[in-house]
Amino acid sequence: MTQAQEVITGALRFDAHAYLYAAASGPLSRIGIWIALLAGLSQAIGQAFILFVNQVRPLRFAISLVVEALLFLSGFLVWASSAWLVAWLVFGARMPLSLLIRALGIAHAPQLLAFLGALPYLGVPILTLLSLWTAIGFVVGLVAVSDLSIWAAFGSLVVGWWLTNALQRTAGQPVMALGRSLLERAAGVPLINDGRALEAMLRSGQLGPDRVNPQPLDRSGRP
């Protein structure tokens with residue numbers, strides 16, 4: 001088993017030692033970032049049905065998945081930064097931001113299975129389980145790389161999440177709009193992800209760039 005596999009399996013078992021790799025030197029120190037990026041790609045694959053329905057061409061399809069993964073990573077970095085700020089200002093934690101980002105990236109290991117969210121009927125329960133799994137990993141990881149208690153770590157993560165969502169709905173709206181624009185540019189067509197609109201498109205057969213009255217893609221609810 002490689003070290004990367006040991007880190008991932010350790011994070012899945014809530015093994016605190018797995019998060020200490022975030023403080024290691026060398027290439028392995030960046031494994032948290034790679035895990036978070038791959039988690040975003042897995043989530044994008046799970047939501048690829050939207051790209052299929054919108055008849056995105058193969059090359060643009062692949063590019064769109066990469067763009068979605070990068071947008072996921074960007075959102076994660078903002079949220080991790082918010083959690084670090086709360087831990088520093090409220091709970092007096094003293095640790096580098098880069099260390100917390102790498103550790104919380106490792107906590108995203110369960111999200112490597114997010115592509116299973118595409119399964120009919122089972123998708124939502126699986127994603128709910130993965131979210132809970134990841135949340136517990138966040139607390140374990142933050143405690144492992146800091147001097148925070150479990151409750152202080154939990155508070156930092158929850159308040160950081162709230163701040164991130166508040167930012168997305170206020171000053172972050174232009175950035176969110178830019179992300180949607182980048183994704184639609186990658187896809188080459190205006191994307192529709194509203195459930196009712198997708199159902200109407202399938203029933204009417206108006207798929208791809210020739211459909212009428214396309215609605216803008218809204219991804220503001222994603223972590």
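The values are calculated or read from the model by the stated rules, or taken from the named source; none is laboratory data. Computed from a predicted structure; not experimentally measured. Neighbour counts are summed over all protein chains in view; Cβ atoms, including those assigned to glycine, are modelled from backbone coordinates with ideal geometry.
Observations, loosely collected:
- Hey, Ala18 among the aliphatic types (A, V, I, L, M) and touching an Asp or Glu at 6+ places or on another chain (Cβ under 8 Å) or not: yes
- Flag if Ser42 is in contact with a Phe, Trp or Tyr (Cβ under 9 Å, 6 or more places away or on another chain), of a type in the set (Ser, Thr, Tyr) and within 23 Å of Val139 (Cβ to Cβ): yes
- Condition met for Leu65 (modelled with pLDDT under 90, crowded, with 17+ Cβ neighbours inside 10 Å and farther than 22 Å from Ala22 by Cβ): yes
- Test: residue in the range 13-20 that is closer than 19 Å to Leu127 by Cα and modelled with pLDDT of 90 or more: yes
- Note on the range 43-92: residues that are outside any helix (DSSP H, G or I) and under 18 Å from Ser131 (Cβ atoms) amount to 1.
- Test set (1) at pLDDT 90 or above; (2) within 21 Å of Trp34 (Cα to Cα); (3) crowded, with 21+ Cβ neighbours inside 10 Å - Leu112 fails condition number: (3)
- Test: residue in the range 95-108 that is of a type outside the set (S, T, N, Q), under 10 Å from Gly40 (Cα atoms), surrounded by 21 or more Cβ atoms within 10 Å (Cβ to Cβ) and in contact with a His (Cβ under 9 Å, 6 or more places away or on another chain): no
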